[in-house]
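Data block below; observations after.
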């Protein structure tokens with residue numbers, strides 16, 4: 001059991017050390033600052049496209065949405081247009097709510113069984129996974145968007161506004177960004193669930209722990225650069241702008257911690273398409289959610305529909321004719 | 001049910017905390033245990049449909065008599081299905097194992113077996129997919145310990161047996177899919193696994209034999225045409241005793257308005273038979289009052305489709321009869337009876353598989369003028385849609401009080417609920433034919449409904465422990481309304497439910513009985529020229545008539 005999270009944990013540590021010592025000890029600045037990030041982004045883009053095209057190349061033979069509300073039937077019965085959509089507008093709405101608000105996860109319940117006289121099974125609303133997941137994804141999104149300040153010059157005003165809002169609590173110096181702290185907290189919560197909730201522990205694989213540790217590593221190294229160790233921010237922007245404009249440079253005075261941070265991010269990018277993180281792309285293609293429930297109203301065509309051997313009425317009547325005639329059932333051929 | 005596990009023993013086994021350790025390490029120790037599995041398909045049933053590897057075999061024996069190249073067949077079978085079904089491919093890749101589905105499965109809630117968590121049921125297959133099909137899995141498997149890291153494992157006989165055991169512990173109810181943030185549908189994965197089993201000749205008999213019967217004889221139970229007619233005529237006699245009206249149905253009538261198809265279970269066993277009598281009464285009423293011409297068919301005498309639990313191809317082969325018969329008889333459209341998986345097949349598959357039904361008309365209720373727009377292409381209407389429309393337009397004369405002894409609740413069947421969304425139509429009918437209706441708790445009805453525990457072909461006798469464990473969540477909710485409101489009847493619109501829920505009630509909530517919605521319609525409907533009714537269709541005295549009986 002332990003190895004399911006000890007190996008990913010050790011791996012993330014080693015990756016951190018490889019980059020840190022590679023830069024500080026062996027002076028591999030160009031490798032970790034230029035070669036690896038470019039390769040990682042390339043792997044991410046190619047892998048992502050490859051994976052999505054792979055899914056898209058598979059057929060959708062049947063229209064099989066999971067219906068989570070009243071269908072459209074008689075005009076006086078109120079349809080649930082979102083959870084059981086029959087139009088593409090409804091489907092879009094359903095998808096938007098799934099993608100941006102994790103609507104299905106919002107329904108989550110927790111079952112408990114009391115072995116006593118009543119032997120009751122009870123279900124309570126379980127909101128924490130939904131909150132944790134929302135906190136994680138949105139704080140991560142804000143952190144990523146904020147990082148665009150390193151890849152744009154001048155920094156677009158929307159990024160500046162986001163940064164302003166993110167730091168609105170005006171706590172400490174440099175001012176605390178809520179997103180960074182929230183990202184770390186949410187990731188730790190998701191990790192704690194995997195370690196302490198027996199059911200989740202049981203289903204977890206190393207592949208579930210690895211991205212969590214990786215993101216924790218990224219968050220911790222990022223936070224410590226901003227709030228504790230301090231880094232040469234001018235130098236870093238020089239490097240990142242160099243990457244963004246395809247004229248990479250290695251500035252003086254940027255320490256190993258930054259390169260380790262960048263390396264972990266690169267690993268995350270490269271690992272992304274080969275992992276469960278592809279749920280980012282997959283959710284758009286999930287046929288139980290992205291199809292309208294109108295199969296009876298509008299014919300769906302299966303691209304590989306093939307003819308099958310059936311038992312025809314003629315064969316049936318040939319088999320049972322005498323009995324049918326005797327029972328007074330109509331037949332096509334009397335003899 | 002004397003030799004079976006007692007309810008208390010079953011409840012004692014429930015523990016939702018799984019053990020520690022890696023679930024893959026326990027594959028070898030999976031015991032296919034009596035009470036939890038269904039018998040193997042008979043060779044002759046497999047042969048009827050020309051499916052592969054027909055032979056006698058026994059799941060409890062070491063040797064399953066598989067073809068020598070079975071691993072190759074599994075690999076090719078998976079490959080083909082990954083290309084043909086986007087659902088399968090996407091669902092193999094995107095699960096994050098968040099665990100939201102874990103305690104949503106009735107089999108997990110009833111057994112506590114961690115391999116009944118939907119996520120883990122799917123992982124049984126995904127672990128092999130990662131080994132054989134995913135790039136990351138292939139790369140990782142080259143380094144020592146990499147397989148474990150990727151959560152991958154090779155296809156072995158033990159894995160196959162584990163698959164077989166657990167994919168026949170899934171009723172394809174889709175409840176997990178409601179809660180999954182990506183809509184991953186375990187039913188879809190179970191369907192693929194069962195297709196693979198059928199490539200190896202590993203079906204269960206409770207599916208294979210009905211399928212073979214349905215193919216040859218027209219219905220799952222193998223009722224031959226003359227016997228089918230006899231059985232309906234037997235109901236006609238019973239109805240005449242109760243109502244004084246002759247409700248003789250028509251068979252294979254060319255040029256009728258409507259072809260009616262219902263699961264053969266309704267013809268065969270109580271309490272479905274009462275539902276069937278309800279249909280006969282309704283059709284007699286509509287014929288007498290409005291001249292509606294409905295025909296039955298002994299050729300298309302099965303609404304259900306156990307082919308759906310075998311493979312997509314087999315489903316198509318059995319389903320083809322509906323359109324074929326409608327075309328031969330020249331009816332305007334098709335009306336379908338109360339059944340669960342039958343309606344998933346009709347609603348989400350039939351038109352695609354065997355359509356277009358351009359030889360039929362867009363369904364229009366000639367009595368109310370309602371055009372069933374939602375069935376415009378498939379041209380088949382659900383009987384509760386049809387009856388609800390009649391009631392709404394005041395076309396049925398009903399005496400609700402005749403059902404006053406039925407204190408009702410309603411069990412949403414999985415397929416109409418989550419594969420269609422037929423939720424309010426049956427409720428509307430119930431509320432108009434009886435006075436006492438109480439809902440079970442919200443987490444257990446509508447799209448969150450719990451399976452009866454016996455769907456998808458698992459309604460056999462030999463797997464009773466599994467069925468009763470899977471039935472627990474439904475029974476628990478039922479017991480709640482039974483104690484709180486005195487509910488004594490569980491209404492349903494599914495033929496498998498009528499059989500399975502009756503066993504469920506007998507085991508878990510003995511004072512509750514099961515009734516189809518159209519049984520209540522049959523009781524309440526005032527037939528033209530009927531005598532004074534003193535009994536309901538079950539020959540029980542009507543409320544207020546008990547004393548007259550004594551006289």
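Between the helical axis of B:464-485 and the longest alpha-carbon principal axis of chain B there is an angle of about 50 degrees.
Helix-derived [θ] at 222 nm for chain B: sum -39500 (n - 2.57) over DSSP H runs of at least 4, divide by residue count, nearest 500? Before the final figure, lay out each step's value.
Numbers: 25 runs with 253 residues, N = 551.
Theoretical 222 nm ellipticity from helices: -13500 deg cm²/dmol.
Find how many whole Å separate the alpha carbon centroid of segment A:187-255 from the alpha carbon centroid of segment B:21-85. What the calculation gives is 46 Å, centre to centre.
Starting from the Kirkwood Rh over alpha-carbon pairs, what translational D in µm² s⁻¹ does the protein assembly as shown have by Stokes-Einstein at 10 °C and 1.306 mPa s? Before the final figure, lay out each step's value.
Working: Rh = 29.5 Å.
My calculation gives 54 µm²/s for D.
For chain B, the longest principal axis of the alpha carbon atoms and the long axis of helix B:186-199 meet at an angle near 70°.
Applying 1/(1 + (r/R0)^6) with r as the Cβ-Cβ distance of residue A:127 and residue B:439 and R0 = 30 angstrom yields a FRET efficiency of 0.80. Shape class for segment B:159-238, computed from the alpha carbon gyration tensor (a ≥ b ≥ c): oblate, with a/c not under 1.5 and a/b at or below b/c. For chain A, a Gaussian network of Cα nodes joined below 10 Å ranks A:129, A:121, A:277 by mean-square fluctuation, and the top entry is A:121.
Helix B:495-508 and the longest principal axis of the C-alpha atoms of chain B enclose an angle of approximately 80°.
A simple spin-label model places pseudo-atoms 7 Å from Cα toward Cβ; at residue A:21 and residue B:33 they are separated by 5.1 nm. Compared with the alpha-carbon gap, the fully stretched path from residue A:152 to residue A:307 is longer by 50.0 nm at 0.36 nm per residue. If the segment from residue B:72 to residue B:25 were pulled out straight at 0.36 nm per residue, it would be longer than the present Cα-Cα gap by 14.5 nm.
So for chain B: antiparallel DSSP bridges make up what percent, rounded to the nearest 5? Present the calculation step by step, with values, prior to reporting the outcome.
Details: 4 of 23 bridges.
Taking every DSSP beta bridge within chain B, about 15 percent pair in antiparallel fashion.
Once the Cβ-Cβ distance between residue A:42 and residue B:254 is put in as r, and R0 is 56 Å, what FRET efficiency do you end up with, to the nearest 0.05?
Given R0 = 56 Å and the Cβ-Cβ separation, E is 0.25.
Calculate for chain A the 222 nm mean residue ellipticity that helices alone would give, adding -39,500 (n - 2.57) per DSSP H run of length 4 or more and normalising by residue count, nearest 500 deg cm²/dmol. It would help to have the intermediate numbers written out before the result.
On the way: 13 runs with 182 residues, N = 335.
One gets -17500 deg cm²/dmol as the mean residue ellipticity at 222 nm.
Evaluate the relative contact order of chain B (contact order divided by residue number), counting alpha-carbon pairs under 8 angstrom at least 6 apart; express in whole percent. Here the relative contact order equals 17 percent.
If contacts are Cα pairs under 8 angstrom and at least 6 residues apart, what is the relative contact order of segment A:2-304 in percent?
Values: 352 pairs, mean separation 107.7, N = 303.
So the answer I get is 36 percent.
Starting from the Cα of residue A:331, step 7 Å toward the Cβ, then list every residue of segment B:197-241 with an amide N under 20 Å from that point. Residues passing the 20 Å test: B:216-219, B:223-231. With a simple spin-label model that places each label point 7 Å from the Cα along the Cα-to-Cβ direction, the separation between residue B:530 and residue B:17 comes to 5.8 nm.
Most simply put, the protein assembly as shown has about 30% antiparallel DSSP beta bridges, counting only bridges with both residues inside it.
A Förster distance of 41 Å, applied to the separation of the beta-carbon atoms of residue B:373 and residue A:13, puts the FRET efficiency at 0.10. Modelled label positions at residue B:395 and residue A:110, each set 7 Å beyond Cα in the direction of Cβ, lie 5.1 nm from each other. The distance linking segment B:97-157 with segment B:505-520 is 39 Å (Cα centroid to Cα centroid, whole angstrom).
Using only the Cα atoms of segment B:500-551, build the gyration tensor, take square roots of its eigenvalues as a ≥ b ≥ c, and label the shape rounded, prolate or oblate: rounded if a/c is under 1.5, else prolate if a/b is larger than b/c, else oblate. Oblate, since a/c reaches 1.5 and b/c is not below a/b.
If you average the alpha carbon positions of segment A:34-68 and of segment A:133-184, how far apart do those two centres end up, in angstrom? Computed from Cα coordinates, the inter-centre distance equals 28 Å.
Bear in mind these aren't lab numbers, they're just calculated from the coordinates by the rules spelled out. No experiment lies behind these values; they were computed from the predicted model shown. Virtual Cβ from ideal backbone geometry, glycine too; neighbours counted across all protein chains shown.
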